[in-house]
Amino acid sequence: RDDLQKELERKIRELVVDNLRAMLKQQTQIREQLEFVSELADQGDARAIVQVRSFAAPELEIIVLAEETIELCELVEFSVALPPALSAVRDRMVYLVDDYSAGLGGQAVVASTVQVEKDLESLIDAMEMSNANQDPKEPQDPQQQNPREQEQREVNQILAELRMLKIMQVATNENVVRLDQARKSGDLPQSVMRQREEMVRDQQDRVRGAT
């Protein structure tokens with residue numbers, strides 16, 4: 001049973017990294033297309049605004065993949081930090097959908113998209129570090145096991161979790177700021193605002209559970 005659990009965890013770890021890479025690839029493609037029309041959209045060009053609005057659908061696809069990945073992580077529970085960290089990054093994506101749907105594509109939106117890319121890159125790096133510390137090569141003679149090697153694996157695992165916790169905290173704080181801005185501007189319908197408020201509350205609960 002333990003062997004099956006380890007094999008399941010190994011496969012899910014690999015799938016999580018693959019999903020993160022897929023998210024990053026699609027997010028980069030959206031940002032590259034956004035940059036082409038950003039200035040025109042900011043100036044109110046009708047065609048550019050229509051193009052910006054078309055980015056909402058592929059962004060939603062990334063959100064769906066993020067949610068599926070979070071469920072995978074919670075299924076095996078190999079990381080405390082990854083589910084809330086990825087959840088916070090997903091919430092950033094939700095605000096991007098709000099921007100795209102409103103036809104907003106200026107430099108501030110481009111910068112937000114770039115930040116999501118950086119978060120995904122950091123999560124990939126942290127997961128690769130974490131995965132590299134799994135399944136150590138066991139010496140034939142248990143007495144030959146190197147305690148320093150084991151200690152280094154444990155340190156690396158802690159560092160990987162800390163990296164993800166930092167992403168979670170920064171993204172969560174910035175999402176709270178974004179919610180406050182949405183309240184003040186009144187740009188979002190009340191029903192959407194309630195959803196965003198609930199999203200922030202859920203994320204804050206995740207943060208408390210992970211720290």
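Could you rank the peptides 150-159, 200-209, 48-57 by their average count of other C-beta atoms within 10 Å per residue, with the highest value first?
Result, highest mean Cβ count within 10 Å first: 48-57, 200-209, 150-159.
So what's the back-of-envelope 222 nm ellipticity for the chain, counting only DSSP H runs of four-plus at -39500 (n - 2.57) apiece and dividing by all residues, rounded to 500?
Helix contribution divided over all residues of the chain: -29500 deg cm²/dmol.
Using only alpha-carbon positions, what ratio does the radius of gyration of the chain give when scaled by 2.2 N^0.38 Å?
So the Cα radius of gyration is 1.18 times the expected 2.2 N^0.38 Å.
What order do you get for 92-98, 72-78 when each peptide is scored by the mean count of other beta carbon atoms within 10 Å, highest first?
By packing density, highest mean first, the sequence is 92-98, 72-78.
Since every read-out is calculated from the coordinates, none of them should be taken as a lab result. No experiment lies behind these values; they were computed from the predicted model shown. Counting neighbours? That spans all protein chains shown, and the Cβs are built from the backbone with ideal geometry, glycine included.
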